[in-house]
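Data block below; observations after.
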Amino acid sequence: MSPCTGGCHLLGMFQALWRTFLAVCTTREKQRDVQPARSKPRFEQPLQTTAPATQPEPLSANEPLTRFVTDRDHFDKPPGKVHWRAFRPKSEESELSIARIHDLAIGEIWNLGQEMAGTPSGRTVVGRADFLLSHVRAARLNSSALDVVPDEPPRRHALIIGWPSDRDARKLLSMLLASDATQSVRSG
């Protein structure tokens, strides 16, 4: 490959990545500007009458994350594995809700899960899928690369972004995330 061909190829890859980045940013801006009416609030959050919330902490490379599970069918057999469907965003959504769990005790993680995923949906959190930020960033498929962004409130909420619109590509990325995740089932 000549230097010119390699440089042109690199430039083409950069342009494709830049277009993807702009598309994600534009989509997120439009979603924030035009929120569809919901029958239930996304998160039940008490009104704050004191100082505004502080900025979420920056993400660290090996930060532990979790996806709270309210459907027992999202756990695979044999025990300990998470089914890929636990990581699949809804077809009309371009992000997946997760939680940042660094520096939390086990009981605090379960309480956070019920607050984030259980109470707003009227369901019970039956388990969770634990994984690391580095696993998300390693999940790549063609031009699709996933990433995590803090999205508070509620506290410790984050989103996995960068999902392709193609159904099969979403499934493959979900399978990659599930293969790195560890299942924790809520006792009691």
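Only the coordinates and a few stated rules stand behind these numbers; no lab work does. All values derive from a computational prediction rather than experimental measurement. Neighbour counts run over all protein chains shown; Cβ positions are idealised from the backbone, glycine included.
Restricting attention to segment 126-156, the residues being over 27 Å from D166 (Cα atoms) and surrounded by fewer than 21 Cβ atoms within 10 Å (Cβ to Cβ) number 5. Against the conditions (1) under 16 Å from T70 (Cβ atoms); (2) free of Cβ contacts under 8 Å to residues at least 40 places away in the same chain, A105 satisfies every one except (1). Put simply, of P154, P120 the only residue that is more than 19 Å from N62 (Cβ to Cβ) and in contact with a helix residue (DSSP H, G or I) (Cβ under 7 Å, 6 or more places away or on another chain) is P154. With the structure loaded, tell me whether R128 is basic (K, R) and part of a loop (DSSP other than H, G, I, E, B) or whether it fails that test. The answer is no for R128. Looking only at residues of segment 72-125 that are in a loop (DSSP other than H, G, I, E, B) and of a type in the set (A, V, I, L, M), we find that the one that is nearest to the chain's Cα centre (by Cα) is I101. Starting from residues that are within 15 Å of the chain's Cα centre (by Cα) and of a type in the set (G, A, S), keep the ones in segment 161-178 and report whichever is nearest to E95 (Cα to Cα). Restricting to residues being within 15 Å of the chain's Cα centre (by Cα) and of a type in the set (G, A, S), the top hit is G162.
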